[in-house]
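**Q** Below you will find the structure I want to go over with you.
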Amino acid sequence: MLAVDGGDFGAGCACKAAKKKRNICLRGNITMITRYRIGEPIDTEAILQKPEIHPGFDPAWTVIENEKTLVLRMDPDAVVYGLGETVRGINKRGWLYTSDNKDENYHDEGKHSLYASHNFFLVSSKRDTFGMFVDTPVIVSFDIGFTKRDIFSIRFDYFDADFYVLRGGSQKEIVREFRGLIGRSYIPPKCAFGYGQSRYSYMTAEEVRNVAEGYNRAGIPLDMIYLDIDYMERFKDFTTNEETFPDFPGFVNEMKEQGIHLIPIIDAGVKIEDGYDIYEEGKAGNYFVKKENGDDMTAAVWPGKVHLPDFLNDGAREWFGNKYDFLLSKGIDGFWNDMNEPAIFYTEEYLKEVFEKIEDFRGKELDVYSFFDFVGLVSAIENNPEYFTYFYHNYHGNKIRHDKVHNLYGYFMTRAAGEAFRRLSPDKRIFMFSRASYIGMHRYGGIWTGDNHSWWSHLLLNIQQLPGLNMCGFLYCGADMGGYSDDCTEDLLLRWAQVSLFTPLMRNHSRKGTRRQELYLWENSQDFRHVIELRYALLPYIYSEFMKAALRDEMYIEPLSFEYEEDARAREVDDQLLVGESIMIAPVYKQNASGRYVYLPETMKLIRFRSAEDYDEEELPAGDHYVSVKLNETAVFLRRGHVLPLIAPALRTAGLDHSTLHYICYDAEAESYELYDDDGISISS
Ligand code: MIG
C-alpha cells in the first residue's frame, strides 16, 4: 500500500495557537460491518478487507428472489448520499441510477448512467443511518423513489453480488469505515494540484509552446499541458507523431525546464496494423479480448480497427502496463486514460449487418415508421450495448463474457498502469486519472468526469458530483473546467474556475470545433490570473486537506450535513460544500448573477477574494443571507474557530516559497491548523 514518505504534520500554526481539534464521533457509536451474499458474484477486487459472509440479509431490505430485486422502505426524512459519478443532486432521492459504464457525452438529467459505477450509498434518517456497497461488476439499477416515492429498490440483471452494510456511528464514520475496506485513495504528485490546460487537441509541439508562452506572458500560473490523441502517430498507443512532435524527449525536457509537465492521453483500443509492435505483441501473447470462437475481437475506435486489451487478464495487464514506459522513459510523468468503458464506435459484424439491412430500404417509399427505423439503424451503431456480449475475458483463468464484468474494464486498465508504475517508478508518484471507473480503481488513479458541456447547469452538476465521488474514494477528481462541448463564455469560465479552484484536479479542457478556452485569450485575462493565483495561494491548504483525507480515509469535500448532522436545513443544501476542515464554499453558478443566497449553519466569516492579496472579511450570523459575489470575486466562508493558510502565489507549484506562509484566522483565539507537507513526489510501499 502506498505510504507517503517524509510527510510532516503540524508544522503550521496560526494565531494564538491552541490545541488541534478534530470533529469525530458525533454519536460515539461503533460502525458494524456486515457482509451478505446473493448468488455467486465474480470478485471485483474492490474490497481489500473482507469480513466473513453473514447468512440471510440485512433486515431493512426485502429480497424478492424471482424479480432479482431488493426493496427498502425509506423514511420520509431519509436522505440518500453517494453513488459517485452520476447525474442530479447531492441527495439521490427521486431518480433511477444505473451502474453501466458508458461513453455518454450528454450528461443531461434524463440520463441514468455515465462513465462510472460507484455502488456505495448512504441512507440517512433520524431513525436509521446506514451505508451499503453493492459489489457486482455487472449492470445494477438503483431506483431511489423513482417508481414509488418512498421505495428504494435495487434491481439486477444477474442476481449475484456481495453486499457490505455499515451501521452505527455518524455519516462520516460510516464513510470512513467503508473507505477502510476499499483501501487508501490514490495520491498524485503535488504538481497535480497545479492548474492544467488541455484542448482536443494541440496538434503540434509549436502549438503547445504557444500555449505555454501565452500563460507565461499573461503571468497566469500553470503546471501542466495535456496532449490529446493527436500527439500520437495515427492514434496508436505508445507512439508519438515524429512530424508534428519531432524529438519528443527533447520537447518533454524543454517544457520541463520551464516547469511544465506534459500529460499525454492513452486510449484503450490498440490499432490493428502489421509491424506495429503493440499490436503484434498483444496478438502473440493472447492479450486481447476474444470472440466466442477464440479469434481476437475487432472493434473500431479512433485508430480505425482495433483490438481491446484484456486488462482483466493478469499477463495482459502486466504487458500493457509496462508499455507506459515508452513515455515514462521520455520524461513523461503523468497520463489520462480514455475510452475505457470501453467505447466502441462499431464492430465489424454489426456494421455488416447494418449495411445488409439498409439494402432492404433501398428504393422503397419510406413512411414515417420505416423512415425512423432507417434512421435508427445507423444511430444505434455507436456504442451499442450489444457489443458487450460479443467478446470474452480471461479472468483468473476463467473465460467470462464481457457483459458479466463490464463495469471493471476502465478500473483494470488504470490498474494495469498503476501496477506498472509501482514496478517502473517505485520511488516517485506518477500522475494519472481515468474516464471509466469502478470502486477499487480509486487506489490506482483519479478520475475526471468526462464530456460535459459549457452549460451553467453543468457547473452545478460539477458541484453536486463531488461529495459522492469523495465518499467512494475518488478524492482526486475534477470536471472539464469551462465545459468540454459547446462554446464557453468568459463569465461561465470565471465562475467555473472559482469552483475548480477547490477541486484537486483543476483542468481547463474543451472539444475540437468549440471556442478556445485558454485563460490568456479572454478580454479580462487578469481576472483569470487572480483566480489561478488564488488556487496557488491556497495550495498549502488544499494539499494538506487532501493528504489528511487520503491518509485517514476521510473526505476532502463533504456535503454540509456531514458536519452539521442534526441541522435539518443543512441536509437540504445541495449547492454549497465543505472543503476540508476550515471552509465552506457557496459558488455562484447562474449567469448574470452578482450574488446568491447562502445558508450558514453557524456563524462564519465571509472572505471575498478579489485576488490572493486583495480580500475583505465580514462575519455573518447563522441563517440565510443574500451574499453579493461579483464576477471577479471568489467567496470563501471560514468556519468559526478555524484557520486558512495561504502562501504567496507562484507561476509553478514547485516555485511556492514556504517562508511566505501566512494565515487568515477566525479570531484571536483561533485554533491551530494542522498543516501537512512533504516533498510532493516520494512514495514508499
Ligand atoms: O471520443 O480524445 O472524454 O476528453 O478530448 C472522444 C478525444 C474521445 C473523449 C474524452 C475527451 C477527449 C476526446 N475523447
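**Q** How long is the stretch 525-574 along each principal axis, judged by its Cα atoms, biggest number first, in Å?
**A** For the stretch 525-574, the Cα spread along each principal axis is 42, 28, 11 Å.
**Q** Using the Cα centre of the chain as the reference point, and only Cβ charges (+1 on K/R, -1 on D/E), how large is the resulting charge dipole? Debye, rounded to the nearest 20.
**A** About 1500 debye.
**Q** Considering only DSSP beta bridges where both residues belong to the chain, give the percentage that are antiparallel (nearest 5).
**A** 75 percent
**Q** Continuing with this model, one more query. Normalised by the empirical 2.2 N^0.38 Å for globular proteins, what value does the Cα Rg of the stretch 475-568 take?
**A** 1.26
**Q** Based on the Kirkwood radius over alpha-carbon pairs, what value in µm²/s does the Stokes-Einstein equation return for the translational diffusion coefficient of the stretch 333-471 at 10 °C and 1.306 mPa s?
**A** Reported coefficient: 86 µm²/s.
**Q** On each of the three principal axes of the Cα atoms of the stretch 248-322, give max minus min coordinate, whole Å, ordered largest first.
**A** Computed over the stretch 248-322, the largest-to-smallest principal extents equal 53, 26, 19 Å.
**Q** Still on this model: Starting from the eigenvalues of the Cα gyration tensor, five times each then square-rooted, give me the equivalent ellipsoid semi-axes of the stretch 518-663, largest first, whole Å.
**A** They are 25, 21, 14 Å, listed largest first.
**Q** Whole-Å semi-axes of the stretch 381-441's equivalent ellipsoid, largest first, each the root of 5 times a Cα gyration tensor eigenvalue?
**A** 27, 15, 8
**Q** Sticking with this one: Where does the stretch 166-325 land on Rg(C-alpha)/(2.2 N^0.38 Å)?
**A** 1.34
**Q** Given R₀ = 25 Å, what would the calculated FRET efficiency be for Lys428 paired with Arg552, taking r from the Cβ atoms and rounding to 0.05?
**A** 0.60
**Q** Same structure, new question: Starting from the residue with the highest accessible area, list His658, His530, His406 in decreasing order, probe 1.4 Å.
**A** Most to least solvent-accessible, the answer reads His658, His530, His406.
**Q** Do the sum for the chain: with -39,500 (n - 2.57) for every DSSP H run of n ≥ 4, divided by all residues, what is the mean residue ellipticity at 222 nm, to the nearest 500 deg cm²/dmol?
**A** -7000 deg cm²/dmol
**Q** Could you pull the Rg and Dmax for the stretch 177-220, using just the Cα atoms, both in Å?
**A** Every Cα atom of the stretch 177-220 included, Rg and Dmax give 17.2, 49 Å.
**Q** Quantify, in whole percent, the carbon and sulfur part of the accessible surface of the chain (1.4 Å probe; protein heavy atoms only).
**A** That fraction is 49 percent.
**Q** Moving on. Using 0.36 nm per residue, how much length does the chain from Glu613 to Ser659 gain when fully extended, once their Cα-Cα distance is taken away?
**A** Between Glu613 and Ser659, full extension yields an extra 15.0 nm.
**Q** For the stretch 22-118, count all C-alpha to C-alpha pairs, find those more than 23 Å apart, and express that count as a whole percent of the total.
**A** 48 percent
**Q** Okay, moving on. If you look at just the Cα atoms of the stretch 641-681, how large are its Rg and its Dmax in Å?
**A** Both quantities, over Cα of the stretch 641-681: 12.1, 35 Å.
**Q** If you take the alpha carbon radius of gyration of the stretch 583-622 and divide it by 2.2 N^0.38 Å, what ratio comes out, to two decimals?
**A** 1.26
**Q** Now a separate question. Over the chain, average the accessible area per residue using a 1.4 Å probe and give it in Å², no decimals.
**A** Spelled out: the 1.4 Å probe surface of the chain, per residue, equals 36 Å².
**Q** Could you give the Stokes-Einstein D for the chain in µm² per second, using the C-alpha Kirkwood radius, 4 °C, 1.567 mPa s?
**A** Approximately 50 µm²/s, per Stokes-Einstein.
**Q** Restricting attention to the alpha-carbon atoms of the stretch 327-408, what are Rg (one decimal) and Dmax (integer), both in Å?
**A** Just the Cα atoms of the stretch 327-408 yield Rg and Dmax of 18.9, 61 Å.
**Q** Where the convex hull is taken over the Cα atoms of the stretch 462-505, what is its projected area averaged over directions, in nm²?
**A** Spelled out: convex hull of the Cα atoms, projected over all directions, averaged, 3.1 nm².
**Q** Can you tell me what share of the DSSP beta bridges in the stretch 230-383 is antiparallel? A percent to the nearest 5 is fine.
**A** Expressed as a percentage, antiparallel bridges in the stretch 230-383 total about 75.
**Q** Something else now. List the extent of the Cα atoms of the stretch 310-375 along each of their three principal axes, largest first, rounded to whole Å.
**A** Computed over the stretch 310-375, the largest-to-smallest principal extents equal 60, 23, 17 Å.
**Q** Further, regarding this structure: Assigning unit charges at the beta carbon (Lys, Arg +1; Asp, Glu -1) and nothing else, what dipole magnitude in debye, to the nearest 20, does the stretch 486-565 show about its Cα centre?
**A** Result for the stretch 486-565 is approximately 420 debye, rounded to the nearest 20.
**Q** Looking only at Cα atoms, what is the convex hull volume of the stretch 95-190 per residue, in Å³?
**A** 154 Å³
**Q** Scattering from the C-alpha atoms of the stretch 564-605 alone, worked out with Debye: what is log10 I(q)/I(0) at q = 0.20 1/Å?
**A** -0.70
**Q** Using only the C-alpha atoms of the stretch 397-546, find the volume of their convex hull and express it per residue in Å³.
**A** 147 Å³
**Q** What is the Å³ per residue value for the convex hull set by the Cα atoms of the stretch 603-669?
**A** Normalising the Cα hull of the stretch 603-669 by residue number yields 100 Å³.
**Q** Starting from 0.36 nm per residue, how many nanometres of slack lie between Tyr597 and Ile64 once their C-alpha separation is accounted for?
**A** Extending this stretch completely gives an extra 187.4 nm.
**Q** Quick check on the stretch 414-470: what does the Kirkwood estimate of hydrodynamic radius come out to from the alpha carbon pairs, in Å?
**A** 13.0 Å
The values are calculated or read from the model by the stated rules, or taken from the named source; none is laboratory data. Keep in mind the model is a prediction, meaning the values are calculated, not measured. Note that each Cβ is placed from the backbone with ideal geometry, even for glycine, and that neighbours are counted across all protein chains shown. To get the accessible areas, we keep the full protein, side chains included, count just its heavy atoms, and leave off ligands, DNA and RNA. Shrake-Rupley method; radii C 1.70, N 1.55, O 1.52, S 1.80 Å.
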